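Enquirer: Here it is, the structure in full.
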Amino acid sequence: MSGPDPATLDALCAATAKHARPAEAGDEVDGIAPAFVAAPGSTAEAADVMRIAADIGLAVVVRGSGTKLGWGQRPAKADLLVDTGRMGRVVEHRSGDLVVHVDAGLRLATLQDRLSPPVSGWQRIPWCRLVRPTPERSAGSSQPPRPAHCASPTARCATCSSASPSSERTAWWRKPVERS
């Protein structure tokens, strides 16, 4: 896009309760500057934003807290940056079933605080604590960091038996060890 179209900005503002704006220098994704930033506050608003983007033909990049924007393939184009920061609520929590449904923008530190203490009979894996070491991450972040003593980026750690985020998915919860 050559510049922000006022009609597109008006449509995005209407869809997000005026939480849309022209993009600024800090909104770049891997050096690609979008024309607009929209911050929906609900899944309904997000759906409206995506509908507008599809109707106009905008290339969309979604941003949570922005800590992993450099991961993955660099976007070829980014007309609209959808910021999920306003979508930060716990939608449903069924502790007995170990199920929590959250909005995409909920920060993991906030989720950790809302779910503490853990469900009776279960314990958190000591080193990840729902990715507590970097509380600025949002629920869209992928993997927890490796413990400081884990040197290999691709193998299983012999000290704590944690799996490398790149080699396999790590478990967030585990049952406590039965002692006889």
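The values are calculated or read from the model by the stated rules, or taken from the named source; none is laboratory data. Being a predicted model, the structure only gives us computed values, none of them experimental. Positions of Cβ are generated from backbone atoms using ideal geometry, with glycine treated the same way; all protein chains shown enter the neighbour counts.
Enquirer: So, in the stretch 1-37, exactly how many residues are crowded, with 18+ Cβ neighbours inside 10 Å and of a type in the set (S, T, N, Q)?
Expert: 2
Enquirer: If you don't mind, there's one more thing I want to ask. Hey, Ala54 hits all of (1) under 29 Å from Thr110 (Cβ atoms); (2) free of Cβ contacts under 8 Å to residues at least 60 places away in the same chain but one; which does it fall short on?
Expert: (1)
Enquirer: Now a separate question. Among the residues that make up the stretch 96-105, is at least one of them surrounded by 15 or more Cβ atoms within 10 Å (Cβ to Cβ), over 12 Å from the mean Cα position of the chain (by Cα), at negative phi and not in a loop (DSSP other than H, G, I, E, B)?
Expert: Yes, because at least one residue in the stretch 96-105 is surrounded by 15 or more Cβ atoms within 10 Å (Cβ to Cβ), over 12 Å from the mean Cα position of the chain (by Cα), at negative phi and not in a loop (DSSP other than H, G, I, E, B).
Enquirer: Which ones in the stretch 45-66 are at pLDDT below 95, assigned to a loop (DSSP other than H, G, I, E, B) and in contact with an Asp or Glu (Cβ under 6 Å, 6 or more places away or on another chain)?
Expert: Correct list: Ser65 only.
Enquirer: Which of the residues belonging to the stretch 12-44 are part of a strand (DSSP E or B) and closer than 22 Å to Gly88 by Cβ?
Expert: The initial filter retains those residues of the stretch 12-44 that are part of a strand (DSSP E or B), namely 20-22, 29, 32, 36-38.
Of everything in the stretch 12-44, those that are part of a strand (DSSP E or B) and closer than 22 Å to Gly88 by Cβ turn out to be Ala20, Arg21, Val29, Phe36, Val37, Ala38.
Enquirer: Among Arg86, Arg74, which is the only one that is touching a residue at least 40 places away in the same chain (Cβ under 8 Å) and exposed (fewer than 14 other Cβ atoms within 10 Å of the Cβ)?
Expert: Arg74
Enquirer: For the list (1) touching a helix residue (DSSP H, G or I) at 6+ places or on another chain (Cβ under 9 Å); (2) among the acidic types (Asp, Glu); (3) closer than 28 Å to Thr110 by Cα, I need the number of the one condition that Asp27 fails.
Expert: So the condition that Asp27 fails would be (1).
Enquirer: OK, next. Which members of the stretch 38-50 meet the condition of being surrounded by fewer than 14 Cβ atoms within 10 Å (Cβ to Cβ) and touching a residue at least 12 places away in the same chain (Cβ under 8 Å)? Give the derivation first.
Expert: So in the stretch 38-50, the residues surrounded by fewer than 14 Cβ atoms within 10 Å (Cβ to Cβ) come out as 43-44, 47.
Within the stretch 38-50, Thr43 is the sole residue that qualifies.
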